[in-house]
Each structure stands twice: as structure tokens, then as C-alpha cells.
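For reference, the structure is listed below as C-alpha cells.
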Amino acid sequence: MTESKKLDDGVVLYTVSREKISFSAMNLGCTITNLFVPNKTGGKTDILLGYDTLDGWKKGTEAHNAIVGRVANRIRGAAFTLDGADYTLDKNDGENCLHGGKTRYEKLLWNSEPFSDDTGEGIRFTRVSADGEQGFPGRLSLSVTYTITADNALLLEYMARTDKATPINLTNHAYFNLNGRGSVLSHKLQLDCDSYLELASDGAPSGKILSVEGTPFDFRKEKPVGQDIKEIPPSVRGYDHCMVTHGNEKGLVRFGALSSEESGIKMEMFTNQRGVHLYTANYIGGVIGKGGVRHNAQDGICFETERFPNAINEPEFPTCVLRPEETYCSKTLLKF
């Protein structure tokens, strides 16, 4: 069942419900405002951080549960060269461009409509990103869908076509907390990731792919999120690194699972992307969230399925360039 509600300034909020889970999402930034899943007491827990009001979502600066692009994550030096042409982007993360720069997809109104088909029931968001928007080349036709599948999983799909070669890397910046509030450092995390991207001092990848063996990034066996977090240099504040999955942009592969003993909720995660950015919400301290709760750093955790950050400037990384004869398709599946 899908319901819709018109809010202010052209914003429409949709709520999609099936037997076990439900979510709400709005056309402002394709933002998922709530995600309710069953807990061990027989009730349901909203496992996404966020805000109670539209004004809160508008003023938020941490991309809570919204779409980010045209290129998520960092582009070093806010510049790149493609097919012999040089492009300059916004510098909004030191000298780097982060999540598309100053014109953020999460603050834009998208076209939206509910749908129901053989895969399940959900919401489809679309818009056209003009040639030159955010400094990127190519007129980009975008589609974002969130679907509750027939077996009560949540499927997130991002698709795009372009009329000119352009880098692209879309993701959802969801802040998960399986207890609904409080620190996530006691959550248990397991990742099917044997390697990760080393960070340089500017927060973008150094270009090196390193083994997780013997490092705080080794989640191949389940452990608490916070068990080794203090081993990460204080300058980074916590996990903010791209983990390397076994994805190949074809079929879905499992990349990990997050669980909480307190709520009894377990979330298993799948993607077709080569990377997943593990981020422990290191910069949300002081944010007033749902129910008036003041968040601290590490009160949420993000799994931003993605192409490698700064891939446009790293020839050894898998390409992030979309060409006119191709279709970009990124998928993430969450099972509870």
C-alpha cells in the first residue's frame, strides 16, 4: 500500500507499506525519511536517523538518507580531464569536491510517482541534470527507485543515460542505527571485504588498494563496530573509508551484515558496486534529530555503495565514466 501527502514548497511525502516493513520517502533529494523494520519485542523500529520536520530536512547539511551525485564522495583537487577536455568543480571539502559540490542533489526537487510491478511496490524519482550542472559534462537523465520487494527487502536502484561522456557515481547516504538512537559502536558488523582504499591526507584515496589483514578494517569476522575504531588516526575521527567488495556491476553480491543485540535487528546487505564507503557518522555531533535527540559522533553508520572515490583521476581504478551508448545501473539490496 502506498500513501502520499503534499507538504510545503512542492514536496511530496510517500509512505510504502507491506507485510513486515515500511518506508517513507520524499521528492526533496529522494530522501528516505523513515524505515520501520520488526524488532525482537514484536514492535517496529525506525532504523534511520533524520528529522521530524521538513524544515529540519531542508537545513540539514549531512545528506541524511538522500541521493548524492553526480559523483558521490571525493574528487581530488575538484578537477579532472576527460577526453582531452579539462573540467573544474566546486571545492567544498578542502581542495576537493565532495558529493557533487555546492549544487547538491539532496536539496533539489525531483519528479516522483508511486509504482507497483512484479518486483514489488515503491517510488520512482526522475530528473534531468543539465550539461554543465555542478561543472560536469553531459545532459544526464536520472532515475532513482526505492522498492519493497515481495519478500520484504528494500531495493535501491539508480539508473542514468547521458548524451556526452561524464563521470557518474550515485549513492544513498543513509544513516543507520538499528536501535533507533544512541551509539552504533556496539552494533556487530561483518563485511565480505578483503581490501580497502588507503586514504591520503586530504581524505581522498591515495591510489593504493590494501589488504585488511591485521588492520582495524578487517571485518571479515563479525566484531563490534567500535572494537578497533581507536586505531584509526584521530585526524579521520573514525571509519570514513571505501571498502572493496566482490561486486562487478553485473549481478548482486553480498557485502556484509549489521546487527544489534539490543533491538534484535539484523540487516544483510548486497550490491553490484565495486566499493562501499564505510562511514561512522563522524561529523553529526550536535545535530538535533527525531524526537529532539541530540546526536553524537558515531550515532549512525553509513554504507555508501559506490564506484571508487576519485576514480576519474586514478587510471588504475575501475572507470567511473558513462558514455552515450551505455546505461549506468547501480543496485543495493537490504534484507532484514
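The values are calculated or read from the model by the stated rules, or taken from the named source; none is laboratory data. This one's a predicted model, so the numbers in the text were calculated from it and none came from an experiment. For neighbour counting, all protein chains shown are included, and Cβ atoms are generated from backbone atoms with ideal geometry for every residue, glycine included. Calculation scope for accessible area: heavy atoms of the full protein, side chains included, ligands and nucleic acids excluded. Shrake-Rupley method; radii C 1.70, N 1.55, O 1.52, S 1.80 Å.
The table below lists the values:
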read-out	value
For the chain, with +1 on Lys and Arg beta carbons and -1 on Asp and Glu, the positive-most of G275, Y14, Q134 along the dipole	Y14
Segment 183-336 - accessible surface per residue (Å², probe 1.4 Å)	42
Global form of segment 1-121, assessed from the alpha-carbon gyration tensor, a/c cut-off 1.5	prolate
Cα gyration tensor category, rounded, prolate or oblate, for segment 98-209 with a/c compared to 1.5	oblate
Reachable aspartates and glutamates, given that their alpha-carbon falls under 17 Å from the alpha-carbon of K102 and they are not under 8 places away in the same chain	E62, D90, D93, D131, E133
Given charges at beta-carbon only (K, R positive; D, E negative), |dipole| of the chain in Debye	540
Segment I288-E261, extension gain: residue separation times 0.36 nm, minus the distance between their alpha carbons	7.2 nm
Stretch in the chain that is longest and holds no trypsin sites (Lys or Arg not before Pro) that DSSP places in a loop and that have at most 14 other beta carbons within 10 Å	103-219
Euclidean distance of C-alpha centroids, segment 180-207 and segment 294-336, integer Å	13
In Å², nearest 10: area of M26 left accessible to a 1.4 Å probe	0
Dipole of segment 28-95 [Lys/Arg +1, Asp/Glu -1 at C-beta], most positive-end residue of T88, T41, C30	T41
Rounded accessible area of V287 (nearest 10 Å², 1.4 Å probe)	30
Helix-derived mean residue ellipticity, 222 nm - over the chain, DSSP H n ≥ 4, -39500 (n - 2.57), to 500	-500 deg cm²/dmol
Descending semi-axes in whole angstrom, ellipsoid equivalent of segment 171-241, from the Cα gyration tensor	21, 15, 13
Excluding exposed DSSP-loop GluC sites (Glu not before Pro) (at most 15 other C-beta within 10 Å), longest clean stretch of the chain	96-212
Over 26 Å (Cα to Cα) - which of K58/K250; K6/K250; K164/K331; K6/K335; K221/K335; K59/K188 fall in this group	K58/K250; K6/K250; K6/K335; K59/K188
For segment 37-97, accessible area per residue (1.4 Å probe, heavy atoms of protein chains only), Å²	42
Kirkwood-Stokes translational diffusion coefficient of the chain, alpha-carbon pairs, 25 °C, 0.890 mPa s, µm²/s	123
For segment 1-66: rounded, prolate or oblate by the Cα gyration tensor [a/c cutoff 1.5]	oblate
Segment 66-86-segment 228-283 distance, computed between alpha-carbon centres (Å)	23
Carbon + sulfur, % of accessible area of the chain - ligands and nucleic acids excluded, 1.4 Å	48
Computed Rg/Rh of segment 128-274, alpha carbon atoms with Kirkwood Rh	1.00
